[in-house]
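Comments concern the structure below.
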Amino acid sequence: MSISKEICNAFHQRASDYEAAAVAQRAIGTQLFERLSYLKIEPRYVLDLGCGTGLLTKQLKKKYPKAVVVGVDFAHAMLCEAQSHQGWRTHPEWLRADMHALPFANGLFDLVFSNQVFHWSSDYPALIREVNRVMNPGGCLMFSTVGPDTFKELRSADEQHAHANNFLDMHDVGDILLAEQFLDPVVDMEQLVLRYKTWPDLLRSLKKQGIRNINAKRNQGLTGRNYWAKFEAMAETTRTPEGKCPLTYEVLYGHAWKGEPRQTTQGIETSIPVSMLQKSRVP
């Protein structure tokens, strides 16, 4: 089974549990959505890429009532949840699609919004290239993802096998945006730490969110009682002074603008009005 199919199945199976369990994703999404207030744009077409159960998609439709807002996700059950919770005042469009092969015309979207999705890509540059393709020149990409210190407690609990995925740092993400000719990319970082009563509570929460370990160095065999006892013993060393089991998210927030490409004797240049660059800066 391919990695993308494995990820899709995990989220598909946990769609009904997702909203109750996704505490971190909701908090991060709220912060990301608030950053839209610094953008002085009136988009005609908005894409919520990796919309999940559609909480932020519906907020996007309320914020931009005149826009066509499309929520895209790879997991069919997530979209069913989104549609079932749709209010009569807001009517986003819902579409199942792979984020690496979006079924949209070139240059359609004025705003691409994506919360906690990019890190599931197996080919980050190809993903950003595809996002660039469907964006209108002058459009904005606003996203959140996670960095390499995410789930560091799980990494430290077992040196033999990987219990967490590998994630790009903020500098790598910025470099990829520049390589794909996005302009004025800004990526900043903050840490979010959740605290659980027990390690089983923490792991159950991750499972309910559809979060799956796809690291090539994960344990491919069965994990017996002795193995998990050793894992818990090592994980206990990361408990907080209050006795809680911590789980760290290194959250990356980013935005960038798509410029207007043109052919020159030196190759392809991309330009954007200075006025637009001034609007792009998020405190």
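The values are calculated or read from the model by the stated rules, or taken from the named source; none is laboratory data. All values reported here derive from a predicted model rather than from experimental measurement. Here Cβ is always computed from backbone atoms with ideal geometry, including for glycine, and neighbour counts include all displayed protein chains. Just so you know, the surface numbers come from the protein's heavy atoms only, side chains and all, with ligands and any DNA or RNA stripped out. Shrake-Rupley method; radii C 1.70, N 1.55, O 1.52, S 1.80 Å.
Structure data summary
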| item | result |
| --- | --- |
| Per-region count, the stretch 228-283, residues open to solvent by 50 Å² or more (accessible area, probe 1.4 Å) and either over 26 Å from the mean Cα position of the chain (by Cα) or modelled with pLDDT of 50 or more (or both) | 24 |
| Condition check for P65: at pLDDT 90 or above, part of a loop (DSSP other than H, G, I, E, B) and touching a Leu at 6+ places or on another chain (Cβ under 9 Å) | no |
| Test: residue in the stretch 119-135 that is at pLDDT below 95, open to solvent by 20 Å² or more (accessible area, probe 1.4 Å) and closer than 21 Å to R35 by Cβ | yes |
| The stretch 3-49, residues that are at pLDDT below 95, of a type in the set (A, V, I, L, M) and buried (at least 19 other Cβ atoms within 10 Å of the Cβ) | I7, A15, A22, A24 |
| Qualifying positions in the stretch 50-96 - open to solvent by 30 Å² or more (accessible area, probe 1.4 Å), free of Cβ contacts under 8 Å to residues at least 40 places away in the same chain and more than 22 Å from E34 (Cβ to Cβ) | V68, Q83, S84, Q86, W88, H91, E93, L95, R96 |
| Within the stretch 181-205, considering residues that are acidic (D, E) and at pLDDT below 95, the one surrounded by the most Cβ atoms within 10 Å (Cβ to Cβ) | D184 |
| Residue match in the stretch 148-157 (condition: in a strand (DSSP E or B) and modelled with pLDDT of 70 or more) | no |
| Which listed residue, of L178, L111, is hydrophobic (A, V, I, L, M, F, W, C), within 16 Å of the chain's Cα centre (by Cα) and either modelled with pLDDT of 90 or more or open to solvent by 40 Å² or more (accessible area, probe 1.4 Å) (or both) | L111 |
